[in-house]
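S.K.: Below is the structure I would like to discuss, written out as structure tokens.
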Amino acid sequence: MTEQPLSQAVTGVRAGRTRFLMLGLVFINIIINYMDRTNLSVAATQMAGELRFTPMEMGLIFSAFGWIYAALQIPGGFLIDRLGARLVYGVGLFAWSLITALHALANSFGALFGLRLGVGAFEAPVMPSNNRVISSWFPEQERASAIGIYSSAQFVGLACMTPLLFHVQDAFGWRGLFLITGVAGMIWALVWYLLYREPHEHKGVSEAELKYLRSNGALLESRQPSQQPTTRWRDLAQMFRSRKLVGIYIGQFTISATFWFFLTWFPTYLVEYRHMDFIKSGYVASVPYFAAFCGVLLAGFASDRMIRRGVSASVARKLPVILGLFLTLFILGANYTDDSTLIILFMSLAFFGNGLATITWVFVTALAPRHLIGLAGGVFNFTGALSSIVVPIAIGALIDGGNFAPALGFIAVLAAIGICSYLFVVGKIDHVSAR
């Protein structure tokens, strides 16, 4: 029972490697994507001092990205199903990078809030696009590993880029930081558009690899306009009628909450509330990011290995997520020590757990009807993106009195809710029937 899937995996590698090249492109996309999200957290301390923003105002600026990003997730899912990842991703990447560069001109709360809205609007199709690429280019038994690899890019990007971004700001100021990161993204957008193709359109993919993908569950259907299904409101309603799907939506909100703490307030926490040196904090912040990188890779490969060994999808896919959410609770330990080493240890354990839990995109392809993968991905990421609104504002309000402990407690409570959702709401992993 276990030998056949292993044999298929070996055959897949021999059939061709074009899918891994496409995965490499997505990997770099994610690094660029999260560089353009985290540059604000690096700039926050200097920006807030120069423009005299309060913690609540900074919380609102951090959250501005999420307002429109969340609102456009479902339209983004529809868009991906109809226009494909190459065009939507390429245009979005170029546009959000241009807007990032324009941050260098901002001089007020309103200008920065509006620019963050613009970044959020054009980044909205990113995660549904990633999911569509992986669903198209990878068979079922390789999918969690592929998701783990591209998801790890956000953490390895944060780990490697954060110290660099601190140095860039130290050399060129926060305005120079936005200009440089924006220009880098615009250049890469052109590279993506020139190199990416769907499996049936790629000239370099072999017939053997296409056959391997087709026979093992990859979504190779062409997206000809005449073949596109009409958007139906009942399709959207179905995304919320299924208990399984609602369960992963709740879980995604709680997992994303931890991530958005690290992506927004974490550098400020180290500099302003733990009184670490600015440049040193850039290197210290990279430690939890590396831990999360290890977590997401471990989760993806371990989950696929369990699948190949005959473990049920319910166990193989859910175990890393539940364990990861449990480890996130260790973030509370930072409230009970002033030792910098212990603080980073607790933060690293929490973010390692967040990395373990980040393979949750595998549930979208595992549960959603096949013809609604893009829509399901949009709804799934919409619920996760809501945390990018709630968490920065909630933390800004909770720390307004100068105490960060309630904010870390808030993150831990959300992680506990996520554990309950996957244990008691999601249930058995199987496709939701189309209606």
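The values are calculated or read from the model by the stated rules, or taken from the named source; none is laboratory data. Everything quoted here is computed from the prediction, not taken from an experiment. Cβ placement follows ideal geometry from the backbone for every residue including glycine, while neighbour counts extend to all protein chains displayed. Only protein heavy atoms, including side chains, enter the accessible area calculation; ligands, DNA and RNA are left aside. Shrake-Rupley method; radii C 1.70, N 1.55, O 1.52, S 1.80 Å.
S.K.: With labels modelled as points extended 7 Å from the Cα through the Cβ direction, what inter-label distance (nm, one decimal) is found for His200 paired with Ala111?
M.R.: Label at His200, label at Ala111, 4.9 nm between them.
S.K.: Now a separate question. For the chain, calculate the relative contact order in percent as a whole number, restricting contacts to Cα pairs under 8 Å that are 6 or more residues apart. Don't jump to the answer; show the numbers that get you there.
M.R.: Working: 742 pairs, mean separation 119.4, N = 435.
About 27 percent, as a whole number.
S.K.: Next question, about the same structure. Let me check I have the definition right: for region 247-343, take the eigenvalues of the Cα gyration tensor, multiply each by 5, take square roots. What are those semi-axes in whole Å, largest first? Intermediate results must be reported in sequence, preceding the final value.
M.R.: Numbers: eigenvalues 195, 40, 27 Å².
Rounded to whole Å, the semi-axes are 31, 14, 12.
S.K.: Hey, any idea what % of the chain's accessible area is carbon plus sulfur with a 1.4 Å probe? Kindly include the intermediate steps, with their values, before the conclusion.
M.R.: On the way: 11130 of 16480 Å².
Here it works out to 68 percent.
S.K.: May I ask you to derive the FRET efficiency for Asp339 and Arg17 from their Cβ-Cβ distance with R0 = 41 Å, giving the value to the nearest 0.05? Don't skip to the end; give the middle numbers.
M.R.: Working: r = 47 Å, r/R0 = 1.15.
Efficiency, rounded to the nearest 0.05: 0.30.
S.K.: Once the piece of chain linking Tyr273 and Leu164 is laid out straight, how much longer is it, given 0.36 nm per residue of separation minus the C-alpha distance between them? Can you show the working numbers first?
M.R.: Values: separation 109, 0.36 × 109 = 39.24 nm, distance 2.22 nm.
Extra length available between Tyr273 and Leu164 comes to 37.0 nm.
S.K.: Next up: On C-alpha positions alone, give me the angle between the axis of helix 85-102 and the longest principal axis of the chain, in degrees, nearest 10.
M.R.: With both axes taken from Cα atoms, the answer is about 10 degrees.
S.K.: Quick one: what Rg and Dmax do you get for region 129-269 from the alpha carbons, in Å?
M.R.: 20.0, 54
S.K.: Sticking with this one: Counting only heavy atoms of protein chains, what accessible area per residue, in Å², does the chain have with a probe of 1.4 Å? Don't skip to the answer; put the middle values down first.
M.R.: Details: 16480 Å² over 435 residues.
Result: 38 Å² of accessible area for each residue.
S.K.: I'd like the projected area of the chain, averaged over all directions, using the convex hull of its alpha carbons. Report it in nm² with one decimal. If you can, show how the numbers build up before the last one.
M.R.: Values: hull surface 78.2 nm².
Projected over every direction and averaged, the Cα hull of the chain covers 19.6 nm².
S.K.: Hey, quick one: spin label on Val311, modelled 7 Å out along Cα-Cβ, who in region 321-336 has an amide N within reach, i.e. under 12 Å?
M.R.: Counting backbone N atoms under 12 Å from the label point, the list is 321-323.
S.K.: Taking 0.36 nm per intervening residue step and subtracting the Cα-Cα distance, what contour gain separates Phe172 from Ala208 on full extension? Present the calculation step by step, with values, prior to reporting the outcome.
M.R.: Details: separation 36, 0.36 × 36 = 12.96 nm, distance 5.07 nm.
Extra length available between Phe172 and Ala208 comes to 7.9 nm.
S.K.: Provide the per-residue ³J(HN,Hα) series for region 160-173, in order, calculated from phi with Karplus coefficients 6.51, -1.76, 1.60 and θ = phi - 60°, each as a whole number of Hz, with x at glycine and proline positions.
M.R.: Rounded to whole hertz, the list is 7, 7, 4, x, 5, 5, 4, 5, 4, 5, 4, 7, 10, x.
S.K.: Something else now. I'd like the distance separating the alpha-carbon centroids of region 59-127 and region 141-219, in whole Å.
M.R.: For region 59-127 versus region 141-219, the Cα centre distance is 17 Å.
S.K.: I would also like to ask the following. Taking the chain as a Gaussian network, Cα atoms linked when under 10 Å apart, which of Lys280, Lys318, Lys244 shows the biggest mean-square fluctuation?
M.R.: Judging by the Gaussian network model, the answer is Lys280.
S.K.: Where Rh is the Kirkwood radius over the Cα pairs of region 22-65, the temperature 20 °C and the viscosity 1.002 mPa s, what D in µm²/s does Stokes-Einstein return? Present the calculation step by step, with values, prior to reporting the outcome.
M.R.: Working: Rh = 11.8 Å.
D = 181 µm²/s.
S.K.: Sort 361-367, 129-135 by packing, meaning the average of other beta carbons within 10 Å per residue, with the highest value first.
M.R.: Details: 361-367: 24.9, 129-135: 26.7.
Listed from highest to lowest mean packing, they are 129-135, 361-367.
S.K.: Could you order peptides 118-127, 307-316 by the average number of other Cβ atoms within 10 Å of their residues, highest first? Display every interim value, and only then the final one.
M.R.: Details: 118-127: 24.8, 307-316: 15.5.
Going from most to least packed, we get 118-127, 307-316.
S.K.: P(r) for region 294-435: what percent of alpha-carbon pairs falls in each 10 Å bin, starting at zero?
M.R.: For region 294-435, the binned pair fractions read 11, 34, 34, 16, 5, 0 percent.
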